[in-house]
Amino acid sequence: MIEGLQAVRLGVPDLPLAVAWYSRALDVEPCVSDASSATFFLDGSLLRLEHAPRMPDDIGVPCATVYWRVDHLQSELQRLHAVNAAPFEAVAQLNADTHIASVLDPFGNVLGLIERRDPAIPEARIQRVAEKVAIRNVRETLDGLAEEEAKKRRALKTALAWSAAGAALAALLVWDMVRR
């Protein structure tokens, strides 16, 4: 399953100039930098600038790749190929825990996928699911209590209406007896 946006990769023809500009624009220095790329970390997402003087003719110059987080890179690649996405970049290992690949959608856009093998990610996802279930259960309980309260109010209104009707009937009977 494709999860949230993870990273954006931008091809730039002049890497030092782009690094200087993005450092000023983002007000942050790159966390990783070498002769061919620079990576900025921004609130849980990555922006990677890469030297790219020319991309393949069918893509254009330069191009951006947006990376979406996935749990299982190979199965997502197979699923996307089954829906007519064309291979673009083969699986590459960025570090011991991170693998990327990309495909072309039917319209020529690059769709990047990134898999991070961090045990904390599935645990955090399980925690979020548990929290959602707990919130749904609390909401259902509150809805049930509100419905019970509404039923009690309706029953009380009905009882009061019948009591008022009975009192009015009793008053009429007393008045009729007094009048005779």
State whether the residues of the stretch 87-104 include one that is more than 30 Å from Arg9 (Cβ to Cβ) and of a type in the set (Asp, Glu).
no
Listed by first then second residue, the pairs whose first member lies in the stretch 112-133 and is more than 18 Å from Leu46 (Cα to Cα), whose partner is surrounded by 11 or more Cβ atoms within 10 Å (Cβ to Cβ) and acidic (Asp, Glu), with beta carbons under 9 Å and at least 6 positions apart or on separate chains, are Pro122/Asp71; Arg125/Glu3; Arg125/Asp71
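One line per residue, one yes/no per condition, for (1) in a helix (DSSP H, G or I); (2) open to solvent by less than 80 Å² (accessible area, probe 1.4 Å):
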position	(1), (2)
Ala92	no, yes
Glu131	yes, no
Trp162	yes, no
Ala171	yes, yes
Residue pairs within 6 Å by beta carbon, gap of at least six or interchain, first lying in the stretch 29-42 and at pLDDT below 90, second open to solvent by less than 30 Å² (accessible area, probe 1.4 Å) and of a type in the set (Asp, Glu), listed first then second, are none
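The values are calculated or read from the model by the stated rules, or taken from the named source; none is laboratory data. Keep in mind it's a predicted model, so treat the numbers as computed, not measured. Note: ideal-geometry Cβ built from the backbone for every residue, glycine included; neighbour counts use all protein chains shown. Side chains included, ligands, DNA and RNA excluded: accessible areas come from the protein's heavy atoms. Shrake-Rupley method; radii C 1.70, N 1.55, O 1.52, S 1.80 Å.
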